[in-house]
1. Taking the Cβ-Cβ separation of D115 and T158 as r and a Förster radius of 30 Å, what is the calculated FRET efficiency to the nearest 0.05?
2. Over all alpha-carbon pairs of the range 35-157, lay out the pair-distance distribution in 5 Å bins, whole %, shortest bin first.
3. When the solvent-accessible surface of protein heavy atoms is calculated with a 1.4 angstrom probe, in what order do I187, I124, I270 fall, highest first?
4. Would you kindly calculate the translational diffusion coefficient of the range 70-223, applying Stokes-Einstein with the Kirkwood radius from alpha carbon pairs, for 20 °C and a viscosity of 1.002 mPa s, and quote it in µm² s⁻¹ without decimals?
5. Mind pulling the angle between the C-alpha long axis of helix 203-214 and the longest principal axis of the chain? Nearest 10 degrees, somewhere in 0 to 90.
6. Nearest 10 degrees is fine. How inclined is helix 59-87 to the longest principal axis of the chain, computing both from alpha carbons?
7. Could you state the angle between the C-alpha long axis of helix 29-43 and the longest principal axis of the C-alpha atoms of the chain, as a value from 0 to 90 degrees rounded to the nearest 10?
8. Provide the per residue accessible area, probe 1.4 Å, for the chain, rounded to a whole number of square angstrom.
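The values are calculated or read from the model by the stated rules, or taken from the named source; none is laboratory data. Everything numeric in this text was worked out from a predicted model, so none of it was measured. Virtual Cβ from ideal backbone geometry, glycine too; neighbours counted across all protein chains shown. Surface accessibility is based on the protein's heavy atoms, side chains included, excluding ligands, DNA and RNA. Shrake-Rupley method; radii C 1.70, N 1.55, O 1.52, S 1.80 Å.
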Amino acid sequence: MQFTQLQYFVAVAETRHFTRAADLVHVAQPSLSQQIKALERELGADLFLRARGNITLTDAGEALLPLARRILADADTARYEVQELVQLRSGRVRLGATPSLCTGLLPDVLRAFHDRYPGIRLLIEEGGSHDLVRELARGALDLALVVLPLPTPSPALTTVELLREDLVVVSSPEAAKPGDGRRTVRIADLEGERLVMFRHGYDLRELTVAACRAEGFEPDFAVEGGEMDAVLGFVRAGLGVAVVPRMVAARSGRGLRVTPLARPGLHRTIALAHRSDVAPPRAARELQRMLLER
């Protein structure tokens, strides 16, 4: 019994017509008929009743049909699983993330992923959550790490909460300690500080400015418009203080003083997002699993 014979048999059983079945499986009708006859000879039973152009299944055909469908489905599953495994040996994952997450969260996870799947190319795009959501929607990214709530909620995206991260205040050790030297800093204490501020569209900018306004004052910017590395560099140089994620501050090395924010503090929620209508490739799903289990 050959696999193609089962394909031809199922095609005839579903169309009840040899010519249409031949068109369906892209083979000449005489070849299909010959293979059906060969299958019947091997099984020792007729599978179809052919009467005046009316094709019906015999009892043997009725018994074979669900088994043949299951065999064909199992073959498709086997082909899919093998292709999925091949994808983990080669291919790419397109991941978007905010710059602060590229600095804080991703290095260890990406190193572990690369060690396990060295054949997978990792393409990283940095941007704000708004830009990353747009890139996901147009299919330019497989996954994205975004800050919740999304700037524009989209039913076309699926998001899974990854972590809730505290924000801290960083300053130069050579400058006066913010908050009059206390162990923690209140948002209200930032009213008298010069801030090093991120560019427009940066999630941390919006969060910090909103917190200051909630305390009744407009923040005073010493420098604004930078990305994460530039902001940290300006703070080290003593130009002002900045509000950054705790994970980034922990990785920033020497040259920065880290002061926690007093309760209730400031936090941000990080989520992993992908399109709802398209399943991510196998390699992207594996990276997603590693991020969720980190």
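1. With R0 = 30 Å, the Cβ-Cβ based efficiency is 0.60.
2. All Cα pairs considered, the percentages come to 2, 9, 12, 12, 10, 9, 7, 5, 5, 7, 8, 7, 6, 2, 0.
3. Correct descending sequence by accessible area is I124, I187, I270.
4. D, rounded to a whole number, is 112 µm²/s.
5. Approximately 50 degrees, to the nearest ten.
6. For helix 59-87, the angle is close to 30 degrees.
7. 80
8. The answer is 53 Å² per residue.
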